[in-house]
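J.: Below you'll find the structure I mean.
Every number here is computed from the coordinates shown, using simple stated rules; none is lab data. Fair warning: this is a prediction, and the values are worked out from it, not measured in the lab. Quick reminder, even Gly has a Cβ in these numbers, built from the backbone with ideal geometry, and neighbours come from all protein chains shown.
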Amino acid sequence: MSTLEFNQLLVNNAEFLKPFAITLTKDSEAAKDLFQETLYRALANRDKYNVGTNIKAWLYTIMRNIFINNYRRKAKQNTIFDSSPNDFLLNRNQAVIPNAAEGNLRIKDIQMAIHNLPEIFRNPFLLYFDGFKYHEIADMLSEPLGTIKSRIHFARKLLKSQIQAF
């Protein structure tokens, strides 16, 4: 298919994309940008179009993929623009000032929950918490590796259920 024939086919089948773009974006200006980007990509990738296939479906797919990619890109951008004189970009995840008294209470609650664990779970968990590897703990306690892993797992589950109450 020649470039002229492809361009004519594209022009004849492009108008149906406008309502689809508005449906996707819910904004007329963004829809115009999406429509324009779709036509650009179709022209740039005309060699990928198989003659005789449904051009409308091909154009719909291009538009949908552009919209999804743009949506994902915007979702990843987690910054706020501050229009201060220095034009800084601020990250939304700003540091929180810790409350020492509340932190101390939580540490005491966690220590109490660990102390209240059954000994069969507490010992492997404390060794793991101190930085020992599973196989080292298994050797120290003369238990199979799978047993140590499951006991640490159950200790975590018990601690999680007890600490969530706070």
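J.: Counting just the residues of segment 121-166 that are aromatic (Phe, Trp, Tyr) and without any contact (Cβ under 8 Å) to a residue 60 or more places away in the chain, which one comes out farthest from Ile107 (Cα to Cα)? Talk me through it step by step, then tell me what you get.
T.: First, pick out the residues of segment 121-166 that are aromatic (Phe, Trp, Tyr): 121, 125, 128-129, 132, 134, 154, 166.
Narrowing further to those that are without any contact (Cβ under 8 Å) to a residue 60 or more places away in the chain: 121, 125, 128-129, 132, 134, 154.
Working: Phe121: 19, Phe125: 16, Tyr128: 18, Phe129: 14, Phe132: 21, Tyr134: 25, Phe154: 20 Å.
Per the stated criteria, the residue is Tyr134.
J.: For segment 120-166, how many residues are touching a helix residue (DSSP H, G or I) at 6+ places or on another chain (Cβ under 7 Å) and part of a loop (DSSP other than H, G, I, E, B)?
T.: The total comes to 2.
J.: Going residue by residue through segment 30-43, is there one that turns out to be within 19 Å of Asn69 (Cα to Cα) and hydroxyl-bearing (Ser, Thr, Tyr)?
T.: yes
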